[in-house]
Amino acid sequence: MKRIFSIVALLALSMLVYTCTVTKGISKSKAGNPYPDRSFNSTPSWTYLSPEESLKTFNLPKGYHMELVASEPMIKEPVAIAWDGNARMYVAEMLTYMQDADASNERMNVSRIMLLEDTDNDGKMDKSSVFIDSLLLPRMILCVNHELLVNETNTITVNSYKDTNGDGKADVKRTVFEKPGYSVSDANMEHQRSGLDWNLDNYIYLTYDPIRFRYTTGMLKADSIPSGTGGQWGVTHDNYGRLFLSSAGGENPMVRVQINPAYGGLDLPDQLSDEFQQVWPIVATADVQGGAPRMRPDSTLNHFTASCGQSIYRGNSLPSDLVGDYLVCEPVARIIRRAKVINLKGKTIVQNAYYRQEFIASNDMFFRPVNTYTGPDGNLYIVDMHRGIIQQGNWTKPGSYLRGQIDQKGIAKNVGHGRIYRVVYDGYKEQPKPKMLDESASKLVTYLDHKNGWWRDNAQKQIIILGDKSVVPALKLIASGQQATLAEKPSALARIHALWTLEGLDAIDKNTLFTAMKDENPQVRKTAVWIGEAFVKKNDEEMLDKFADLKNDPSHDVRLQLLLSLYNSKSKKAQDLVQYLQSKNSDNDMYASVQKAMDRNNDVKTYGARLAFMPADERKMILAGAATFSSLCVTCHGPAGKGIAIAGTLDFAAPPLTSSTKRLAGDKTNLVKIVLHGLSGPIEGKTYPSIMPSLAANSDEWVASVVNYVRYEFGKVNSRRRPTDTIAPFVTPADVKLIREKNASRNKPWTWEELDKMSGVSQAKN
């Protein structure tokens, strides 16, 4: 493994051509870095820079440069963008996010979504309108035909908006998904869902909530993901439908990439190296949560702490060696990482494309990249929230390190700005804009072989939304490798999109899949197996026989998909194939890891059976707590409470709950206090990079459900009172209310030392 990483590092080094813009105040330093010099600004200015001034602060490799697409006052506080089929851009704005260090008025319904247009096709937006206003911090947007799907903060409801008279403002609203009685954590708006990524498999993925959606007859239909998707801000996919997520809370720039989360949660310790976890800003970074331990001697951020907004570049306007690369934002470092994605016998690993450098870095202290996208023009787009404070209010409270920096440097003053950039390459010429919303399904089919993944994805989506099955014969020809309506033999990517488009139209048939299983390209064969899984679930013997023909396929991707698609089948033939795949690939740890992930996933599915002995009301509360834990708490405490290791290290981002059984089973008021007010400082002598934030904004019932689940699952506490119990082990909403009232004046997190003194718990390790 080390040898492979070394080879990749040498390849990356050989391709490094990096030019730095020298500006006033920038010096050379080798502090903490024995390798080639990095240029960085050791005394950065916190002065606001105009968009034109900001453009001069970026360092990019030779040939690449940044262009301004939109900025204030046209847009403010942008967090996400989406294009419709005609390349009109929708921009979600969080206008109340951290307007001061106390998060004042953050929950006001005054945010909006802007509609931007480039009417002369010069790459710059020149027309704008407020498409939707009076929103509460919009989180997710997705264009479907002539409508825009929107999710706001503090709700799982998704609404659809449409402009019917062409004035650029939505005038029709309808609800496409809601779940009555669904409890949402509103204590920390960073710890809520994001995404709405229409993946190649025609499911729409998001973070946090353990579901994915299918868009059917104008509505979103939820499908359960028992182990959750993981991730935090952003969901993206590659050309073959592999999802990529990141977790700022877990300080992990790439998570859940190994298998589709519907099969289970799987992260491998070597998918990221320690070297990859380190970041290389070109500016001293004062506003870092945790202070000095998070910085090098030269005052630059030393590793990822706010990874978000990742994407896979899939365009056709930038150099071809960028296609398939992983891009992830780090707004605290003011950088965007570019990584090579490597398939190592079925395992996905990443390596920084540059040796101790970043693809994009700025010394503008207000450059806050939060999202990246491949655009309709084939270029790379960057959403820059361009602001002072980037951390949510739970981490900027009075007395915190961050608050000191914010107040000292006046960081909070910069609000109400925002930029959208695109990265272009020397010699780029504008391309024709898409008009997919005005075209027939037969015309859309021709775009399935477009060189730009944005076009392929949106053509597939639009054909499925139109539901026009007249194109099914053409799609089957393309899937089989014949020309159909294309000018030449369809590429492997076109064949893959044709297969998934047929699946989305409910027009896939076994013979088409059988042909695809013999395709020369392993990703086409893998796709056929993935889609063929639906037949296996119906115990289709003919499909099982065809699966068996692939058991010795030369591609690990194909064989691993066989394992995933067969694993839960009750068929003896399927189970025999599973055993064969495991035994024949016992030297590859991916197969064993996949098995464990799916076993854990099945355990989650049947979790309710373990609670059968409980009274119905208590069981309901623990199950509610389990759902909250799998969507919220898992981000820091890890799946099954085992902690999340900071990539490339043995350190955890937050305490593993599995090693704290005695504490969790102890005084039940302690956990309630922690959930209400947070926890800081060392825990049993160990200091963690993040503090536990206050979740007091949630209801007494919500707090009780989380505490009861944690005590039951990790503290091994039985809900029933034993004869020796002096108090009931189960926490009721009334208990929470009483504790909340008794500590109403508290405005800072607890420490374990305080809690131990109050409860008389020994300081000895569990």
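Below, the figures for the structure above:
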| item | result |
| --- | --- |
| Cβ-Cβ under 6 Å pairs, at least 6 apart or on other chains, region 182-211 side outside the structural domain of D700 (by TED's automatic domain parsing) and under 20 Å from W500 (Cβ atoms), far side of a type in the set (G, A, S) and at pLDDT 90 or above | N199/G241; L200/G241; D201/G241; N202/G504; Y205/G195; L206/G195 |
| Output for region 83-112, where each listed residue is under 21 Å from the mean Cα position of the chain (by Cα) and under 23 Å from Q392 (Cβ atoms) | V91, A92, E93, M94, Y97 |
| Residue match in region 95-106 (condition: farther than 16 Å from N371 by Cβ, part of a loop (DSSP other than H, G, I, E, B) and among the β-branched types (V, I, T)) | yes |
| Selection status of V150, without any contact (Cβ under 8 Å) to a residue 60 or more places away in the chain, surrounded by fewer than 22 Cβ atoms within 10 Å (Cβ to Cβ) and touching a strand residue (DSSP E or B) at 6+ places or on another chain (Cβ under 7 Å) | no |
| Cβ-Cβ under 6 Å pairs, at least 6 apart or on other chains, region 167-178 side in the same structural domain as M114 (by TED's automatic domain parsing), far side of a type in the set (V, I, T) and surrounded by 12 or more Cβ atoms within 10 Å (Cβ to Cβ) | A170/I132; V176/V158; F177/V158; E178/T157 |
| Some residue of region 424-435 being surrounded by fewer than 23 Cβ atoms within 10 Å (Cβ to Cβ), farther than 30 Å from K62 by Cα, at pLDDT 95 or above and not acidic (D, E) | yes |
| Matching residues, region 245-288, being among the hydroxyl-bearing types (S, T, Y), surrounded by 23 or more Cβ atoms within 10 Å (Cβ to Cβ) and either assigned by TED's automatic domain parsing to the domain that holds T527 or closer than 15 Å to R338 by Cα (or both) | S246 |
| Lone unmet requirement of (1) among the hydroxyl-bearing types (S, T, Y); (2) assigned to a loop (DSSP other than H, G, I, E, B); (3) surrounded by fewer than 18 Cβ atoms within 10 Å (Cβ to Cβ) for S569 | (3) |
| Test for Y326: is it assigned by TED's automatic domain parsing to the domain that holds E72 and over 24 Å from Q523 (Cα atoms) | no |
| Residues being touching a Leu at 6+ places or on another chain (Cβ under 9 Å), buried (at least 16 other Cβ atoms within 10 Å of the Cβ) and either at pLDDT 75 or above or in the same structural domain as E190 (by TED's automatic domain parsing) (or both) - total across region 641-654 | 2 |
| Failed condition for S719, given (1) surrounded by fewer than 21 Cβ atoms within 10 Å (Cβ to Cβ); (2) at pLDDT 80 or above | (2) |
| Scope region 323-336; condition within 27 Å of H450 (Cβ to Cβ) and not in a strand (DSSP E or B); matching residues | V323, G324, D325 |
| Search result, residues across region 33-74 that are farther than 16 Å from V283 by Cβ, in contact with a Lys or Arg (Cβ under 8 Å, 6 or more places away or on another chain) and modelled with pLDDT of 95 or more | P51, M66, E67, L68, V69, A70, S71, E72 |
| Members of region 463-486 that are out of contact with any Asp or Glu (no Cβ under 8 Å at 6 or more places or on another chain) and touching a residue at least 40 places away in the same chain (Cβ under 8 Å) | I463, I464, I465, L466, T485 |
| Conditions (1) under 26 Å from the mean Cα position of the chain (by Cα); (2) in the same structural domain as Y48 (by TED's automatic domain parsing); (3) of a type in the set (A, V, I, L, M); number of the one not met by A459 | (2) |
| Boolean, L486 is in the same structural domain as T515 (by TED's automatic domain parsing) and not polar (S, T, N, Q) | yes |
| Checking K179 against (1) closer than 25 Å to T207 by Cβ; (2) of a type in the set (K, R); (3) in contact with a strand residue (DSSP E or B) (Cβ under 7 Å, 6 or more places away or on another chain), the condition it does not meet | (3) |
| Residue match in region 505-515 (condition: in a loop (DSSP other than H, G, I, E, B), surrounded by 22 or more Cβ atoms within 10 Å (Cβ to Cβ), touching a residue at least 12 places away in the same chain (Cβ under 8 Å) and at negative phi) | yes |
| Test for S311: is it closer than 28 Å to G427 by Cβ and either without any contact (Cβ under 8 Å) to a residue 12 or more places away in the chain or in contact with a Lys or Arg (Cβ under 6 Å, 6 or more places away or on another chain) (or both) | no |
| Qualifying residue in region 518-537 (condition: surrounded by fewer than 17 Cβ atoms within 10 Å (Cβ to Cβ) and either under 30 Å from D270 (Cβ atoms) or in contact with a helix residue (DSSP H, G or I) (Cβ under 7 Å, 6 or more places away or on another chain) (or both)) | yes |
| Any hit, region 690-710, residues being touching a Cys at 6+ places or on another chain (Cβ under 8 Å), surrounded by 13 or more Cβ atoms within 10 Å (Cβ to Cβ), assigned to a loop (DSSP other than H, G, I, E, B) and modelled with pLDDT under 85 | yes |
| Test: residue in region 483-492 that is in a helix (DSSP H, G or I) and crowded, with 22+ Cβ neighbours inside 10 Å | no |
| M66 being assigned to a strand (DSSP E or B) and in contact with a helix residue (DSSP H, G or I) (Cβ under 7 Å, 6 or more places away or on another chain) | yes |
| Pairs, first within 19 Å of R495 (Cα to Cα) in region 526-540, second assigned to a loop (DSSP other than H, G, I, E, B) and acidic (D, E), C-beta under 8 Å, six or more apart | A528/D519; W530/D201 |
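The values are calculated or read from the model by the stated rules, or taken from the named source; none is laboratory data. Every value quoted in this text rests on a predicted model; they were computed, and no experiment measured them. Note: ideal-geometry Cβ built from the backbone for every residue, glycine included; neighbour counts use all protein chains shown.
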